[in-house]
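Taken together, the values in this text are just the output of simple stated rules run on the coordinates, not laboratory data. Note that the structure is predicted; figures quoted are calculated from it, not measured. Note that we place each Cβ from the backbone using ideal geometry, even for glycine, and neighbour counts take in every protein chain shown.
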C-alpha cells in the first residue's frame, strides 16, 4: 500500500508539473517558484519509490512490482483527469492516511 500511495503521489506531481494538467487540477495560479520545484520533486519521489520497491522485494521482483504499482495508479489518475480532476489533490493527500488507518 505504501508503494501504491507513493506512486500515486509521484504521478500527481508529474501532472502538476505539466501546465495543461495543472490548470485542470488546480484552477488557481501557482507561483513560479513552486512550479519550478514540482518536476524535480516528482523525480525524487519516483527514485524513492523505486528504491523502496527494491528494498522491500529485492532485485529479482522489485522492478516488476514498481512498474506494476505505477501502472495500477495511472489508470485511476487518467480516469480522474478525464472526469473529476479537482478531486486529485485531495486523493493524493488523504490516500496515504486512509491506507495507514486501514492497515
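Observations on the structure shown:
- Helix-derived mean residue ellipticity, 222 nm - over the chain, DSSP H n ≥ 4, -39500 (n - 2.57), to 500: -30500 deg cm²/dmol
- For the chain, modelled as a GNM whose springs connect Cα atoms under 10 angstrom apart, the maximal fluctuation among 13, 75, 91 occurs at 75.
- Using alpha-carbon coordinates, inclination of helix 32-83 to the longest axis of the chain, degrees: 0
- Semi-axes of the equivalent ellipsoid for the chain, computed as √(5λ) from the eigenvalues of its C-alpha gyration tensor and ordered from largest down, come to 24, 16, 12 Å.
- Modelled spin labels at residue 94 and residue 71, positioned 7 Å past Cα toward Cβ, are 3.0 nm from each other.
- Using alpha-carbon coordinates, inclination of helix 88-102 to the longest axis of the chain, degrees: 30
- Shape category assigned to the range 53-103 from the gyration tensor of Cα positions, a/c cut at 1.5: oblate
- Helix 2-17 axis, angle to the chain major axis (alpha carbon atoms, nearest 10°): 30
- With neighbour counts taken as other beta-carbon atoms within 10 Å, the residues 101, 30 rank, fewest first, as 101, 30.
- With neighbour counts taken as other beta-carbon atoms within 10 Å, the residues 97, 65 rank, fewest first, as 97, 65.
- Rough spin-label spacing in nm, given labels placed 7 Å along Cα→Cβ, for residue 37 and residue 20: 2.7
- A simple spin-label model places pseudo-atoms 7 Å from Cα toward Cβ; at residue 54 and residue 86 they are separated by 4.2 nm.
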